[in-house]
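Asker: Below you will find the structure I want to go over with you.
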Amino acid sequence: PGIEVTLMVNGSQFRMALDPRVTLLDALRDGLGLTGSKKGCDQGQCGACTVLVNGRRINSCLSLAIMHDGDEVTTIEGLGTVEDLHPVQAAFVAHDGLQCGYCTPGQICSAVGAIDEFRQGLPSHVSRELGPPLLTDDEIRERMSGNICRCAAYPNIVAAIREVME
Ligand code: FES
C-alpha cells in the first residue's frame with residue numbers, strides 16, 4: 001500500500017511506496033536511514049531538518065514526501081565526506097561553527113542554499129575578476145534566520161559563511 005514515489009537522494013535513485021502523510025524528513029530518516037537531517041520542532045520553526053530540493057533549501061518536516069516525486073534531494077550526507085569536506089563544512093570546522101552539533105546539518109544545508117541563492121541573484125555583468133559583492137554580516141544573519149542554534153554559535157556560523165563567500 002501507499003503511493004509510489006521516486007526520489008533522487010544524494011545522487012542515488014530510490015523508489016518507495018509511501019503513506020501520503022509521511023513528510024520528506026521522515027522518509028529520509030526512517031525510510032532511507034539518512035539521519036543526518038534532524039527533527040527539532042517538526043513544525044517549520046527551527047531549520048534542523050533543512051535539505052536541498054532541486055538546489056533550493058526547504059524545511060523537510062513541512063513537506064510531504066509524495067510531493068517530491070522525481071525531485072533531487074541533497075542532505076548533509078551528500079554534501080561531502082570526512083576525507084573530502086564540502087567547502088561550507090570545512091569552514092564550519094575551521095570557525096567552530098557549532099557546539100552541540102544538533103542544528104549543524106540544517107545550518108550547513110541552509111548555508112549552501114543561501115550562498116547559492118545570493119550568487120544566482122547577482123546580475124550577469126558582475127565580473128569575477130572584480131570580485132562579487134558580498135553580504136554584510138547582518139544580511140547573512142537575515143538569510144540564515146530560519147535556522148536556530150540553541151547553543152548560540154551564531155557569530156562563528158556567520159564567520160564560516162563569510163569565509164566561503166570570500
Ligand atoms: Fe523542521 Fe524544525 S524540524 S523546522
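The values are calculated or read from the model by the stated rules, or taken from the named source; none is laboratory data. Quick caveat: nothing in here was measured; it's all calculated off a predicted structure. Glycine gets a Cβ as well: all are built from the backbone with ideal geometry, and neighbour counts include every protein chain shown.
Asker: Write out, first by first residue and then by second, each pair whose Cβ atoms fall under 7 Å of each other, whose residues are 6+ apart or on separate chains, and whose first residue, in the stretch 39-59, is more than 14 Å from Leu28 (Cα to Cα) while the second is modelled with pLDDT under 95 and among the charged types (D, E, K, R).
Answerer: Once the first residue is more than 14 Å from Leu28 (Cα to Cα) and sits in the stretch 39-59, its partners that are modelled with pLDDT under 95 and among the charged types (D, E, K, R) give Gly55/Asp116.
Asker: Kindly indicate whether any position in the stretch 139-156 is surrounded by fewer than 19 Cβ atoms within 10 Å (Cβ to Cβ), of a type in the set (A, V, I, L, M), at pLDDT 95 or above and within 16 Å of the ligand (Cβ to nearest atom).
Answerer: The answer is yes, given that some residue of the stretch 139-156 is surrounded by fewer than 19 Cβ atoms within 10 Å (Cβ to Cβ), of a type in the set (A, V, I, L, M), at pLDDT 95 or above and within 16 Å of the ligand (Cβ to nearest atom).
Asker: A further question on this structure: Please specify each residue of the stretch 1-44 satisfying the condition of being touching a Gly at 6+ places or on another chain (Cβ under 8 Å), assigned to a loop (DSSP other than H, G, I, E, B) and closer than 23 Å to Leu79 by Cβ.
Answerer: Result: Asn10, Gly11, Ser37, Lys38, Gly40.
Asker: Another question, if that's okay. Among the candidates Asp84, Asp96, single out the residue that is away from the ligand (no atom under 14 Å from the Cβ) and touching a residue at least 24 places away in the same chain (Cβ under 8 Å).
Answerer: Details: Asp84 fails: touching a residue at least 24 places away in the same chain (Cβ under 8 Å).
Residue meeting the stated conditions: Asp96.
Asker: Shifting gears a bit: Specify which of the listed residues (Gly44, Gly40) is on the phi > 0 side of the Ramachandran plot, within 16 Å of the ligand (Cβ to nearest atom) and either at pLDDT 95 or above or surrounded by fewer than 16 Cβ atoms within 10 Å (Cβ to Cβ) (or both).
Answerer: Working: Gly40 fails: on the phi > 0 side of the Ramachandran plot.
Step by step, each of Gly44, Gly40 is checked, and only Gly44 is on the phi > 0 side of the Ramachandran plot, within 16 Å of the ligand (Cβ to nearest atom) and either at pLDDT 95 or above or surrounded by fewer than 16 Cβ atoms within 10 Å (Cβ to Cβ) (or both).
Asker: So which of Val82, Val93 is among the β-branched types (Val, Ile, Thr), exposed (fewer than 15 other Cβ atoms within 10 Å of the Cβ) and in a loop (DSSP other than H, G, I, E, B)? Steps first, please.
Answerer: Values: Val93 fails: in a loop (DSSP other than H, G, I, E, B).
After ruling out the rest, the residue left standing is Val82.
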